[in-house]
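Nothing in this text is a laboratory measurement; each read-out follows from the coordinates by a stated rule. Computed from a predicted model, the values in this text were never measured in an experiment. So basically every Cβ, Gly included, is an ideal-geometry build from the backbone, and we count neighbours across all protein chains shown.
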Amino acid sequence: MSFSADNALVLFSGGQDSTVCLAWALERFARVETIGFDYGQRHAVDALVAISDTALTREVAIEVSASGLPTTFVPGRNLVFFTFAGAVAYRRGIKHIVAGMCETDFSGYPDCRDDTIKAMQLALSFGMDRRFVIHTPLMWIDKAATFALAQEIGGAPLIDVLLTDTHTCYLGDREHRHAWGFGCGECPACRLRADGYAKWKTAA
Ligand code: ZN
């Protein structure tokens, strides 16, 4: 298979951000593939879970720990994801990797920072001796702007998919339906999503 500049691999979790990234990629690239990871997170139903003790993978309260990082931080998660994605992209002849990291609604995750992603792009490109480009279309926009971007790309049907089918809640709550989608309404991810939706609705 030849190495194609027209192909993209999207890190896809089924959440709102990666769904918008998928739509973004479909607009730009001739061929788009997705890769997903099951790392034993609470809201999915086993690899990182064995070496990490965080609120996303265990029954630990979601709060800011003594290190100053939220307990939902899974050390090394995105670094591992990108390494696997790079390996898959290499084998599939894909140049572009698209991911939903965002520094604007910064939850304190160091592996969501723009500098981390740029460093990963270099590490993958040097380490596999192939030019990879990592795109993070949501890096500098907030959740309200993410809704606006989705509206721009896919209109009401895409907004509908975001609200009905995507999943963000850290606790995996699919019982409670709000204007902004399903979720417990209390965890940091739900609050971000609810606030972003309200802000977008007000501006629209
Ligand atoms: Zn929640």
Which cross-chain or sequence-distant (5 or more) residues have an amide H under 5 Å from the amide H of Y170, H modelled 1.01 Å from N in plane? A189, C190
Which cross-chain or sequence-distant (5 or more) residues have an amide H under 5 Å from the amide H of T34, H modelled 1.01 Å from N in plane? V10
Mean 1/r over all different Cα pairs, inverted: what Kirkwood radius does region 91-204 give, in Å? 15.7 Å
Write out the trypsin sites (Lys or Arg not before Pro) in region 118-204 meeting two conditions: DSSP loop, and at most 15 other Cβ atoms within 10 Å of their Cβ. R130, R131, R174
Between the alpha carbon centres of region 146-170 and region 79-100 the gap in Å comes to 24 Å
Please list 3J(HN,Hα) in residue order for region 171-181, calculated via the Karplus relation 6.51 cos²θ - 1.76 cosθ + 1.60 where θ = phi - 60°; whole Hz, with x for glycine and proline. 8, x, 6, 10, 8, 9, 9, 10, 4, 8, x
Give the residue list of GluC sites (Glu not before Pro) in region 93-175 that are DSSP loop and have at most 14 other beta-carbon atoms within 10 angstrom. E175
Sites matching chymotrypsin sites (Phe, Trp or Tyr not before Pro) across region 137-176 that sit in DSSP coil, with at most 15 neighbouring C-beta atoms within 10 Å: W140
